[in-house]
Every structure is written in structure tokens, then in C-alpha cells.
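*Asks:* Here it is: the structure, laid out below.
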Amino acid sequence: VQLQASGGGLVQAGGSLSLSCAASGRTFSSTAMGWFRQAPGKEREFVVSISWTGASAYYADSVKGRFTISRDNEKNMMYLQMNSLKPEDTAVYYCACRRPFGGISLRPNEYEFWGQGTQVTVSS
């Protein structure tokens with residue numbers, strides 16, 4: 001599976017951005033996916049994970065109520081709608097895919113495939 005994240009950019013605090021993750025290669029529809037982020041000088045941080053059907057998702061407390069994850073298995077796409085952005089949301093955002101039949105997970109080492117990352121910068 002190859003993953004391509006896009007949609008990052010520069011936005012003022014309180015603004016919104018929508019990230020996309022396009023998957024190609026082997027189908028990704030039978031496993032959970034997630035978004036992680038990494039700020040300069042910090043470790044990669046869990047943001048949200050979504051089940052393979054899209055029916056369930058688990059959010060980090062820091063983004064709950066502001067971010068919304070979704071996926072379209074027919075189009076091999078995953079999305080992250082980010083609202084009410086804060087300067088502390090500034091990071092490189094990565095989409096990731098688990099091995100087949102994997103469930104929701106918060107652990108980066110349980111994801112097998114990663115996109116290249118897209119920069120999100122929120123100015124105060």
C-alpha cells in the first residue's frame with residue numbers, strides 16, 4: 001500500500017483545514033487507518049484512528065470535538081477535517097494504514113504503511 005497525504009497549509013488560529021490521504025496498491029479497505037502528527041523536537045503523536053468500515057473512530061483528547069475523520073473505501077481515500085485549529089496543532093501530519101484486518105490502534109508501531117506527511121501550520 002502506498003499512501004499520499006495532502007491538504008496541509010498555513011492557517012490562522014480558529015481556522016479550518018481538510019487533509020486527504022490517497023491509498024494505492026493493495027486494497028486498504030479491510031483494515032483500520034489513522035492520522036498521526038509530529039511537531040519539531042517532539043515524538044510522533046496519535047491523532048485519530050478509524051475502523052475499516054468507518055463506523056468507529058477514536059480521537060486523542062487534544063483534538064476531540066474539533067477534528068473529524070472519515071474514509072471512502074470505494075475511492076481508497078481517508079480524510080481529516082480539522083476545525084477550530086490552534087497553534088499547538090502545528091505539525092507534520094501523517095496518514096497510516098495497519099496490516100489487513102487490523103483494528104483501531106493508538107500505537108504508531110502497529111501501523112505498517114505510512115504516507116510522506118503534510119505540513120500544517122497554525123499561526124496565532
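*Asks:* Yes or no: the range 13-21 includes at least one residue that is open to solvent by 50 Å² or more (accessible area, probe 1.4 Å), assigned to a strand (DSSP E or B) and farther than 15 Å from Y93 by Cα.
*Replies:* No, the range 13-21 contains no residue that is open to solvent by 50 Å² or more (accessible area, probe 1.4 Å), assigned to a strand (DSSP E or B) and farther than 15 Å from Y93 by Cα.
*Asks:* Still on this structure, I have one more. Within the range 67-82, which residues are touching a strand residue (DSSP E or B) at 6+ places or on another chain (Cβ under 7 Å) and in a loop (DSSP other than H, G, I, E, B)?
*Replies:* Scanning the range 67-82 gives a single hit, N76.
*Asks:* Another question, if that's okay. Taking the stated definitions as given, is G103 open to solvent by less than 50 Å² (accessible area, probe 1.4 Å) and part of a loop (DSSP other than H, G, I, E, B)?
*Replies:* The answer is yes for G103.
*Asks:* Taking the range 22-67, which residues are under 11 Å from the mean Cα position of the chain (by Cα), under 17 Å from F101 (Cβ atoms) and open to solvent by 40 Å² or more (accessible area, probe 1.4 Å)?
*Replies:* Passing the criteria: none in range.
The values are calculated or read from the model by the stated rules, or taken from the named source; none is laboratory data. The structure displayed is predicted, hence computed values, not measured ones. Positions of Cβ are generated from backbone atoms using ideal geometry, with glycine treated the same way; all protein chains shown enter the neighbour counts. Ligands, DNA and RNA are stripped out before the accessible areas are found, and what is left, the full protein with its side chains, is counted by its heavy atoms. Shrake-Rupley method; radii C 1.70, N 1.55, O 1.52, S 1.80 Å.
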